[in-house]
1. Which condition number in (1) part of a helix (DSSP H, G or I); (2) at pLDDT 85 or above; (3) of a type outside the set (D, E, K, R) is the one that Thr83 fails?
Amino acid sequence: MRAVNLLPNDNARERKGTQLPTLIGVVGAVLVTGLVCASFLMKSSEVTQQREALRLAEAELAAIPPVPVVEAATPQLKQVRDTRLTAVSAALGRRVTWDGVLRRFSQVLPADVWLTTLSVQSPLAAGGASAVPGAVVSPGGSFLLSGYSYSHDAVARLLSRLAVVPDLADVQLQRSELAKLEGREVVSFSIQASLTAPGATS
């Protein structure tokens, strides 16, 4: 009877050892290819969505009606516009900034002087009319105040301080006399000034 060797020979074991790295390389290449294909498909889908969004935006833009062309202003409209601009500029040029006037006045008011009345009148525009028919109108604004102090020196100090306020001019003392106030002797006074033209002060 003939003997048969059932053990694998060395050549078969060597072939198995060389096939394993090859198999690993093939599997790795397949995985990399699959990942690349999946990434390409995702990017392709995003590009398709963006193109669709762009197409919809272009369609919405095309649906907007065109802006009507405005005809050039006629000479009559231009003249009306220029007249209104001139009137507005003139009004703004004579506008008095009362917050600035009163702020500067409050800064020079002495601590020992208190007011009972303060009356101001804005300058009138050229050719302006009085709100009261038949009244005498002065084109310049007026600044009238009256009050009390403890001495004539305080009134004189107030006059000198008002003279340096850039918004006021022709500061004049109308009245300064002794008076009784709640049993105490005080000085009652009245002062008048004119408002300077807007834009003339620094």
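The values are calculated or read from the model by the stated rules, or taken from the named source; none is laboratory data. All of these numbers come straight from a predicted model, not from anything done at the bench. Here the Cβ is made from the backbone with ideal geometry for all residues, glycine too, and neighbour counts use every protein chain on show.
1. Of the numbered conditions (1) part of a helix (DSSP H, G or I); (2) at pLDDT 85 or above; (3) of a type outside the set (D, E, K, R), the odd one out for Thr83 is (2).
Okay, residues lined up against (1) surrounded by 10 or more Cβ atoms within 10 Å (Cβ to Cβ); (2) at pLDDT 80 or above:
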position: Leu6; (1), (2): no, no
position: Phe40; (1), (2): yes, yes
position: Ser45; (1), (2): yes, yes
position: Ala63; (1), (2): no, yes
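Per-residue answers, yes or no, for (1) assigned to a loop (DSSP other than H, G, I, E, B); (2) among the acidic types (Asp, Glu); (3) at pLDDT below 90; (4) closer than 30 Å to Ala87 by Cβ:
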site	(1), (2), (3), (4)
Ser130	yes, no, yes, yes
Ala135	yes, no, yes, yes
Ser146	no, no, no, no
Asp153	no, yes, no, no
Leu158	no, no, no, no
Lys180	no, no, yes, no
Glu185	no, yes, no, no
Ser188	no, no, no, no
Ile191	no, no, no, no
